[in-house]
Each structure stands twice: as structure tokens, then as C-alpha cells.
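K.L.:
Right, I'll just put the structure down here and ask away after.
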Amino acid sequence: MENLSNTIKRRFDHEASKQALKEKYEAKLLFAHQGGMFCAGPTLITLLVSIEDIENPIILDLYDNPTQVNRQELLTQSKQRWQEQMNAWSVELAELSKQR
């Protein structure tokens, strides 16, 4: 019974640690650009790629404020931030899994 209890506790601690990591890296995906706040990620990247024919579009930021942006600059920043944070998150998650 003690072994089962320890296993459950370790599993719960692991899931709580995973959630904390997720929150940590989601916060790092936020950044300011030309007066708006944006979250780097697949949604923003897809939007920016889909409007490639408009160089300075007006899009909604995180607070639903219409913001005119430099599409290429915002796309580059978003891709870089997304990849940096996903790489770091992946490394930390692998370390966390090794400790379990």
C-alpha cells in the first residue's frame, strides 16, 4: 500500500510540474510589437502567412485592439520566439521526466 501511495504522489507531482512548466513557457510567448501585445504561436503565424499579400495589415492584438503591424517583422519575431520557447520547454520537460 505504501508503494502505491508513493507512486500516486510522484505521478501527481510530475503532472503539477508539467503544468507549471506549461504556464512558465506560455508567459514567455507574449511580446510587444508596434504598440500591441501578441502571443507567438501557430495561430498568429498562420494568420500572418495567410495575409502575405498585405505588408502592413491591421490585426487584433491579445486585448482585441486593432494594431497596424509590419507583417514580415512580426512573422519573423513570432517564429523565432515560438521556436526558442518550444526548444527550451522540451529540454526542461525531458529533464523533468528523467527525475521521475
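K.L.:
Can E55 be described as under 19 Å from Q19 (Cα atoms), without any contact (Cβ under 8 Å) to a residue 40 or more places away in the chain, loosely packed, with under 12 Cβ neighbours inside 10 Å and not polar (S, T, N, Q)? Break it down stepwise before answering.
P.N.:
Values: under 19 Å from Q19 (Cα atoms): no; without any contact (Cβ under 8 Å) to a residue 40 or more places away in the chain: yes; loosely packed, with under 12 Cβ neighbours inside 10 Å: yes; not polar (S, T, N, Q): yes.
It is false that E55 is under 19 Å from Q19 (Cα atoms), without any contact (Cβ under 8 Å) to a residue 40 or more places away in the chain, loosely packed, with under 12 Cβ neighbours inside 10 Å and not polar (S, T, N, Q).
K.L.:
Another one. Within region 55-90, which residues are in a loop (DSSP other than H, G, I, E, B) and at pLDDT below 95? Talk me through it step by step, then tell me what you get.
P.N.:
The first filter runs over region 55-90 and keeps only residues in a loop (DSSP other than H, G, I, E, B), leaving 55-57, 61-65, 69-70.
Selection gives E55 alone.
K.L.:
Also, quick follow-up: Every residue in region 68-91 that is farther than 14 Å from L29 by Cα and surrounded by 15 or more Cβ atoms within 10 Å (Cβ to Cβ), please. Quick ask: steps written out before the conclusion?
P.N.:
Filtering region 68-91 down to residues farther than 14 Å from L29 by Cα leaves 68-73, 90-91.
Hits for region 68-91 are V69, R71.
The values are calculated or read from the model by the stated rules, or taken from the named source; none is laboratory data. From a predicted model like this one, the values you see are computed outputs, not experimental measurements. Virtual Cβ from ideal backbone geometry, glycine too; neighbours counted across all protein chains shown.
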